[in-house]
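Single-structure report; data block below.
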Amino acid sequence: MGKLRRPLMVLSIYLIFLALFCADPVWSARIKDIASLKGVRSNQLIGYGLVVGLNGSGDGAGTKFTVQSLVNMMEHLGIHALPDQVKVSNVAAVMVTADLPPFGREGSKLDVLVSSIGDAKSLQGGTLLLTPLRGVDNRIYSLAQGPLIVGGFASSGAAGGGVQKNHPTVGRIPGGGTIEREIPFDFAKMQDLVISLHEPDFTTAVRVTDAINKTFGQKVAFPSDAGTIRVRVPGDQRKSMVGMMASLEQINIEPDSKARIILDERTGTVVMGQDVRISSVAIAHGNLSVTIKEKSQVSQPAPLSQGRTVVTPESKVDVTEEQKRLIVMPGGTSLGEVVKALNAIGVSPRDLIAVFQAIKAAGALQADLEII
């Protein structure tokens, strides 16, 4: 009897693993990956500055605002100079941008992006001078300064030729900005937490609500609309708002979305969602190729004759149409079956765009068709 139990146990374990691996996996995502807390977001900063230390690749003499900015800066440093007397090619005027993260505190560092606005050839090897970064309220929130990191280079010769790699007129300064003013936001005193979905959907909002209520064991979440869920903070959690938000972020749910097909006609890219379905339809696709060859026939006269040489153009036109089979797709066909059937008739990505547009026009495509 013992000898019989062992094979049965091994067989049972094998069947369990087989069922687990063969079952359709349920895709889930954390709330922190599909939603964000309302009011907690980054803010854009912008400033105007000068990059110095360039090796002759800065703005040209015709860029007057660069010269004026340099003169103004020298005046603040106690050096008097006239714009007509300043002719440099090692300075470039730039726009400096950065994102002020939520809960950013004074003294924290920011990464800044530096972009040329003049006719500078390259910012390689340059150093950004002290630049104030302002918000939309025109208040200074950060100061930026430091050497640039440029992911490219440009080199040219006196005759006009040259070599360029990537984009040398844009650079970054990791940690080059310092936060000088904070945006007031008291997270600990919030009475309710409002969660905003990145992709509003009624089904996803209901699933998020049910998952939150199940996690906390009481009804604390209420969906306001397709993109907003309001979470009432229980009394025992008010002293640990950070811990409650951390628990909310880690809740896994299965997001839902509309069936959608994205078509990019410029690159021939086609992206289809898993819920795309089509009704019963028959598809045939054929490519028409027209080839035109031009050549000239030269007619030479006989020796010592009074004739002349005549050139006669001749055109040869060939028309070829590829014959494709008619493919019938039954109603409710899934994404995998659609792709397999279209591949069987030799449809290229660019032709696939025309095929889907035709299916949509026939009313057989049960999905949104978006062309970007």
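The values are calculated or read from the model by the stated rules, or taken from the named source; none is laboratory data. Quantities reported herein were computed from a predicted structural model and do not represent experimental measurements. All Cβ positions, glycine included, derive from the backbone under ideal geometry; neighbour counts span all protein chains shown.
Within segment 338-356, being more than 21 Å from SER257 (Cα to Cα) and either among the hydrophobic types (A, V, I, L, M, F, W, C) or at pLDDT 80 or above (or both) holds for ALA341, LEU342, ALA344, ILE345, VAL347, LEU352, ILE353, ALA354, VAL355. Taken as a whole, the condition of being in contact with a Pro (Cβ under 8 Å, 6 or more places away or on another chain), surrounded by 15 or more Cβ atoms within 10 Å (Cβ to Cβ) and not aromatic (Phe, Trp, Tyr) does not apply to VAL114. The residue pairs whose first member lies in segment 227-254 and is in contact (Cβ under 8 Å) with a residue 24 or more places away in the chain, whose second member is part of a strand (DSSP E or B) and basic (Lys, Arg), and whose beta carbons are closer than 9 Å, counting only pairs six or more residues apart or on different chains, are GLU249/ARG30; GLN250/ARG30; ILE251/ARG30; ASN252/ARG30; ILE253/ARG30.
Of all residues in segment 112-128, those that are over 26 Å from the mean Cα position of the chain (by Cα) and under 15 Å from ALA61 (Cα atoms) total 4.
For every residue, the table says whether it meets (1) of a type in the set (Lys, Arg); (2) in the same structural domain as GLY135 (by TED's automatic domain parsing); (3) part of a helix (DSSP H, G or I).
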{"site": "ASP33", "(1), (2), (3)": "no, no, yes"}
{"site": "VAL51", "(1), (2), (3)": "no, yes, no"}
{"site": "GLY58", "(1), (2), (3)": "no, yes, no"}
{"site": "ALA61", "(1), (2), (3)": "no, yes, no"}
{"site": "MET74", "(1), (2), (3)": "no, yes, yes"}
{"site": "ALA81", "(1), (2), (3)": "no, yes, no"}
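Just so you know, in segment 61-79 the residues that are among the small types (Gly, Ala, Ser) and modelled with pLDDT of 85 or more include one that is surrounded by the fewest Cβ atoms within 10 Å (Cβ to Cβ), and it is GLY78.
Against the list (1) closer than 24 Å to GLY176 by Cα; (2) out of contact with any Ser or Thr (no Cβ under 9 Å at 6 or more places or on another chain), the condition ARG134 fails is (2).
Which residues, taken from segment 86-120, are assigned to a loop (DSSP other than H, G, I, E, B), among the charged types (D, E, K, R) and out of contact with any Asp or Glu (no Cβ under 9 Å at 6 or more places or on another chain)? Once the filter is applied, which keeps residues that are assigned to a loop (DSSP other than H, G, I, E, B), among the charged types (D, E, K, R) and out of contact with any Asp or Glu (no Cβ under 9 Å at 6 or more places or on another chain), segment 86-120 yields only LYS87. The lone criterion from (1) in contact (Cβ under 8 Å) with a residue 40 or more places away in the chain; (2) under 35 Å from the mean Cα position of the chain (by Cα) left unmet by GLY62 is number (2).
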